[in-house]
Amino acid sequence: MPVKSGDCVSYDIVREGEDTVLRADYESCPFFPSLEESEICMSRTADKLVENPGITKIVFFQKRDYEYDYDQTRLLTEIARLHNRLLKQKELFDVRALGLDMPHTRLAERRYTEIRDILYNRLKADPIATYVYLKRILRREKINLAKAIEEQVAAYEQRYVSLIESLLNLLEKTRMIALAQPHLAGYRLGDRGIYRLIFNPFTKPDFMYAKLMAAFPSDGEEIDAYKVGDNEITIFRVPKSIRPLYHLTPPEFTLSEDKYELLDVARRILSEHKPERSEFVDPQRMRSVFFNLGSDLLEELATTKGVNLRGRDVEKLANILVRYTVGFGLVEVLLQDERVQDITINSPAGRLPMFIVHRDYDDCATNIIPTISEGESWATKLRFISGRPLDEANPILDTDLTLPGARARVAVVSSPLNPTGLAFAFRRHRDKPWTLPLFISNRMLSPLAGGVLSFLIDGSRTFLVAGTRSAGKTSLLGSVMTEIMRKYRIITIEDTLELPSDALRGLNYNIQQMKVASAMTSGTIEVSAEEGIRTTLRLGDSCLFVGEVRSTEARALYEAMRVGALANVVAGTIHGDSPYGVYDRVVNDLNVPKTSFKATDIIMVANPVRSADGLHRWRRVTQITEVGKYWENDPLLEKGFTDLFKYDSRSDMLEPTLDLTNGESDVIKAIAANVKEWAGNWDAVWDNIQLRAKIKGAIVDTAKKAKMPSLLEADFVVEANDEFHRVSERIKDEVGAFDNKRIFFEWNDWMKKSIKKLSMK
């Protein structure tokens, strides 16, 4: 039960996970609650900390929550305990024990009263001023001591100086005074500006769950700033931290108090509706319904309360309202930033900030701390959206999430696997599909590697894209999909929807998605990945893309590879840091027969490459290798692997091997054997590969020179690929052969005309 403090404040002690929280309600107070700004707040809070040992967090509520975390709470707790200890040591200020005559006793009484009043009346409210005042008294009394002639007076002065020194020593042992020491030069008594350097509460409007450190770090160096919609992002380099700070200021932190109140009331009303599982079948529709309800409700509340809202204001507030009711709060804001690649939220909730991986600044901390209730809300929504369990029997949930302006893969870990609560990992998918020219532009591939891949894809080879976590495997597999000619059908098999199927469907691809059960989930009605892959073999002639090969579906995938050999592209991703690592995983871990593994034609390995200082990393394709067909037991010992490309760290480029340039690729020769103009003619094959590489490079170079990055996106690249095939066919029909120079000339002329049309729009 809240305890009224005899004034406008009521206090309550609540448990939040591992924290014991002192919550002070200042809603009806005329002044702003703040340890750093208010002597009254600091003094009263110190009293409560003494009365309630074990407090780990302080929260003031007045329209918003202002939370002081454990470290900041401990600062004031030390002062409160020191004050309480001194109150119990009244003998320290007993003048009678000095044995002075009456005139000196009256003088000592005045001095001891001065010290006692400072400690008893000022220490809780303003410990820094108390410390500085005592320092000044000490300087004064040392002068008096030096002037003392009478032995009795000198002894008294010495005892008085010793008392002040001992008090100062006690204060200097507290962390608050230690933190204040560097800032005391020029300090004026009563100036509370110094407390703003020590206390920096997390702020949370009442309608929100997450806490946010609104103030910029006082010692941070701003290294970048930009906006994403109405959200302001500032990147700081912070002393004593190797990790930059990603500081987010969302629009909900810049609203007027009237609008805060509208949102708070509207959220309480909307929260009375508990969405059913069936409503989460179509999250986009549910958001639309809540947006419309929220807009109407906000307009009605604004009219009732006399708040003037324009149409733009209603839309802005309604979007915020949806975010904190059926949405995912500030996670949505982070995912709207295209430069954010990953978000991780560790347990226990309420203590640790969210962390992100930033495209330009790698691993960053944020100024956002999610709460326990927020994490539980996310977990419930993800269970509904995915239709998958998250409980003691299934402590891992893998699913996908589609939000306004972003798609993400989400992994949730709960107890008993995670003993301290819920942990989340959000992997943001790029809004548009990756393409080979985009990877070439980012140096993940070389133009020649792009040309070889284009040739292999048109040759309907089988691929495995391998790599470590966060190596870009799925993105690379997606770029392979954009090289498939649009006349072919594509089927995707995924347990978590990550491949850019919707985007490709929007580009008129004939594509069918299939979602299967996760290998880590039991007790679900979803079809297994193994059965899903076998089903595709009964769906007619199609290219097959498997999101990730993890378990028993490997056998079915290789069945598809063998059935689909020389007919269509079959490709998937798998964890492995080398071709032999892939072989070892497929054969020894997933129990695929060695002879079946030979159905793999190409293994692409993508791995992060780090700088010498370890502070930076870049995604690179480090190896493109073909799998031979004429080995028996061990492809490594029997030269069953032929590297076509290897990453060179000196040039930071994927370089062709001599085996490739000398025409020692059995896979490429097998493709050529089925084309009359190329059979037995390596020079003609190589010229075609170089033509494809030249086209990929031309797209990249033109996009850079014309400052048109849109040319690297799938809508243009797919059209460019189609045009390459149309021009090639037309010229072959005209002259009876592939005239590579003429093909490039006509294709390049098409590109120039297309760019001109685009620039005129």
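In the range 658-689, which residues are within 43 Å of the chain's Cα centre (by Cα) and either open to solvent by 40 Å² or more (accessible area, probe 1.4 Å) or of a type in the set (Ser, Thr, Tyr) (or both)?
Listed by number, the residues that qualify are 658, 659, 661, 665.
List the pairs whose first member sits in the range 14-33 and is touching a residue at least 12 places away in the same chain (Cβ under 8 Å), whose second member is loosely packed, with under 12 Cβ neighbours inside 10 Å, and whose Cβ atoms are under 6 Å apart, counting only residues at least 6 apart or on separate chains?
Final answer for the pair search is 20/54.
Can you tell which of 443, 427 is open to solvent by 40 Å² or more (accessible area, probe 1.4 Å), over 19 Å from the mean Cα position of the chain (by Cα) and not acidic (Asp, Glu)? Can you show your working first?
Numbers: 427 fails: over 19 Å from the mean Cα position of the chain (by Cα).
From the options 443, 427, the qualifying one is 443.
Results for (1) in a helix (DSSP H, G or I); (2) small (Gly, Ala, Ser); (3) on the phi < 0 side of the Ramachandran plot, shown as yes or no for each residue.
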{"position": "671", "(1), (2), (3)": "yes, no, yes"}
{"position": "675", "(1), (2), (3)": "no, no, yes"}
{"position": "678", "(1), (2), (3)": "no, no, yes"}
{"position": "699", "(1), (2), (3)": "yes, no, yes"}
{"position": "744", "(1), (2), (3)": "yes, no, yes"}
{"position": "754", "(1), (2), (3)": "yes, yes, yes"}
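I'm trying to understand the selection: among the residues of the range 447-478, which are of a type in the set (Ser, Thr, Tyr) and either at pLDDT 95 or above or open to solvent by 10 Å² or more (accessible area, probe 1.4 Å) (or both)? Walk me through how you get there before you give the answer.
In the first step, residues of the range 447-478 are kept if they are of a type in the set (Ser, Thr, Tyr); the result is 454, 460, 462, 468, 470, 474-475.
Selection gives 454, 460, 468, 470, 474, 475.
Kindly check whether there is at least one residue in the range 514-522 that is open to solvent by less than 10 Å² (accessible area, probe 1.4 Å), of a type outside the set (A, V, I, L, M) and in a loop (DSSP other than H, G, I, E, B). Walk me through how you get there before you give the answer.
Going through the range 514-522, the residues open to solvent by less than 10 Å² (accessible area, probe 1.4 Å) turn out to be 516, 518.
Narrowing the set further to residues that are of a type outside the set (A, V, I, L, M) leaves 518.
Checking which are in a loop (DSSP other than H, G, I, E, B) leaves us with 518.
Yes: one or more hits.
So for the range 373-385 (the condition being surrounded by fewer than 17 Cβ atoms within 10 Å (Cβ to Cβ) and assigned to a strand (DSSP E or B)), does at least one residue qualify?
no
I'm checking my understanding of the structure. Among residues of the range 484-506 that are under 30 Å from the mean Cα position of the chain (by Cα) and open to solvent by 10 Å² or more (accessible area, probe 1.4 Å), which one is farthest from residue 623 (Cα to Cα)?
Here the residue is 506.
Restricting the search to the range 199-230, which residues are surrounded by 19 or more Cβ atoms within 10 Å (Cβ to Cβ) and modelled with pLDDT of 90 or more?
Correct list: 199 only.
If you check every pair at least six apart or on different chains, which have Cβ atoms under 9 Å apart with a residue in the range 359-388 that is hydroxyl-bearing (Ser, Thr, Tyr) and modelled with pLDDT of 90 or more first and a residue that is assigned to a strand (DSSP E or B) and open to solvent by 10 Å² or more (accessible area, probe 1.4 Å) second?
Within 9 Å, the pairs are 361/223; 361/224; 366/245; 366/355.
Do we have any residue at all in the range 169-182 that's modelled with pLDDT under 85 and over 18 Å from residue 46 (Cα atoms)? Reasoning before the result, please.
Keep residues of the range 169-182 that are modelled with pLDDT under 85, which gives none.
No, the range 169-182 has no match at all.
Quick one: count up the residues across the range 584-640 that are farther than 20 Å from residue 467 by Cα, open to solvent by less than 20 Å² (accessible area, probe 1.4 Å) and either outside any loop (DSSP other than H, G, I, E, B) or touching a Cys at 6+ places or on another chain (Cβ under 7 Å) (or both).
Here the count works out to 1.
Being touching a residue at least 60 places away in the same chain (Cβ under 8 Å), more than 22 Å from residue 312 (Cβ to Cβ) and open to solvent by 50 Å² or more (accessible area, probe 1.4 Å) is the filter here, so list the residues in the range 235-267 that pass it.
Across the range 235-267, the qualifying residues are 241, 242, 243.
(1) at pLDDT below 90; (2) touching a Phe, Trp or Tyr at 6+ places or on another chain (Cβ under 8 Å); (3) closer than 19 Å to residue 408 by Cα: which one isn't true of residue 283, the others all being true?
(2)
So which of 738, 745 is over 25 Å from residue 505 (Cα atoms), aromatic (Phe, Trp, Tyr), over 40 Å from the mean Cα position of the chain (by Cα) and open to solvent by 70 Å² or more (accessible area, probe 1.4 Å)?
Working: 738 fails: open to solvent by 70 Å² or more (accessible area, probe 1.4 Å).
Result of the check over 738, 745: 745.
Can you find a residue in the range 96-108 that is hydroxyl-bearing (Ser, Thr, Tyr) and at pLDDT 85 or above?
From the range 96-108, those hydroxyl-bearing (Ser, Thr, Tyr) are 105; that's our starting set.
Now narrow it down to the ones that are at pLDDT 85 or above: none.
Among the residues of the range 96-108, not one is hydroxyl-bearing (Ser, Thr, Tyr) and at pLDDT 85 or above, which makes the answer no.
Give the range 27-37 a look and list any residue that's at pLDDT 85 or above and either open to solvent by 50 Å² or more (accessible area, probe 1.4 Å) or out of contact with any Cys (no Cβ under 7 Å at 6 or more places or on another chain) (or both), or say none.
Selection gives 36, 37.
Any idea which residue in the range 554-577 is modelled with the lowest pLDDT, counting only those that are over 21 Å from residue 483 (Cα atoms) and open to solvent by 10 Å² or more (accessible area, probe 1.4 Å)?
Within the range 554-577, the match that is modelled with the lowest pLDDT is 563.
Can residue 300 be described as closer than 19 Å to residue 232 by Cα and free of Cβ contacts under 8 Å to residues at least 60 places away in the same chain? Steps first, answer last, please.
Numbers: closer than 19 Å to residue 232 by Cα: no; free of Cβ contacts under 8 Å to residues at least 60 places away in the same chain: yes.
No: the conditions fail for residue 300.
Spot the failing condition for residue 533; the list is (1) closer than 24 Å to residue 720 by Cα; (2) in contact (Cβ under 8 Å) with a residue 24 or more places away in the chain, and only one is missed.
(1)
When residues of the range 38-62 are filtered for being touching a strand residue (DSSP E or B) at 6+ places or on another chain (Cβ under 7 Å), within 26 Å of residue 261 (Cα to Cα) and open to solvent by 20 Å² or more (accessible area, probe 1.4 Å), how many remain?
Here the count works out to 1.
Only residues in the range 643-672 that are free of Cβ contacts under 8 Å to residues at least 60 places away in the same chain count as the first member; pair them with residues that are surrounded by 15 or more Cβ atoms within 10 Å (Cβ to Cβ) and in a helix (DSSP H, G or I), Cβ under 6 angstrom, at least 6 apart or cross-chain, and list the lot.
Partner pairs satisfying both residue conditions: 663/682; 672/685.
I'd like to verify a number: residues in the range 63-87 that are open to solvent by less than 30 Å² (accessible area, probe 1.4 Å) and without any contact (Cβ under 8 Å) to a residue 12 or more places away in the chain, how many? Spell out the reasoning first.
So the first thing to find is which residues in the range 63-87 are open to solvent by less than 30 Å² (accessible area, probe 1.4 Å), and the list is 65-68, 72-73, 75-77, 79-80, 82-83, 86.
From what's left, without any contact (Cβ under 8 Å) to a residue 12 or more places away in the chain: none.
So the answer is 0.
Output the number of residues of the range 673-684 satisfying the condition of being of a type in the set (A, V, I, L, M, F, W, C) and touching a residue at least 24 places away in the same chain (Cβ under 8 Å).
Here is the first cut: in the range 673-684, the residues of a type in the set (A, V, I, L, M, F, W, C) are 673, 675, 678-679, 682, 684.
Still in the running and touching a residue at least 24 places away in the same chain (Cβ under 8 Å): 684.
Number of matching residues: 1.
Is there a residue being surrounded by 15 or more Cβ atoms within 10 Å (Cβ to Cβ), among the charged types (D, E, K, R) and at pLDDT 85 or above anywhere in the range 159-166? Break it down into steps so the answer makes sense when it comes.
Of the residues in the range 159-166, the ones surrounded by 15 or more Cβ atoms within 10 Å (Cβ to Cβ) are 160-161, 163-164.
Next cut, among the charged types (D, E, K, R) only: none.
Within the range 159-166, not a single residue is surrounded by 15 or more Cβ atoms within 10 Å (Cβ to Cβ), among the charged types (D, E, K, R) and at pLDDT 85 or above.
Assuming residue 655 fulfils every condition listed in (1) surrounded by fewer than 18 Cβ atoms within 10 Å (Cβ to Cβ); (2) more than 38 Å from the chain's Cα centre (by Cα) apart from one, which condition is it?
For residue 655, the exception is condition (2).
The values are calculated or read from the model by the stated rules, or taken from the named source; none is laboratory data. This is a predicted model, so every value here is computed, not measured. Cβ sites come from the backbone with ideal geometry, for glycine too, and all protein chains shown count toward neighbours. When the accessible area is computed, the model is the full protein with side chains, heavy atoms only, and any ligands, DNA or RNA have been set aside. Shrake-Rupley method; radii C 1.70, N 1.55, O 1.52, S 1.80 Å.
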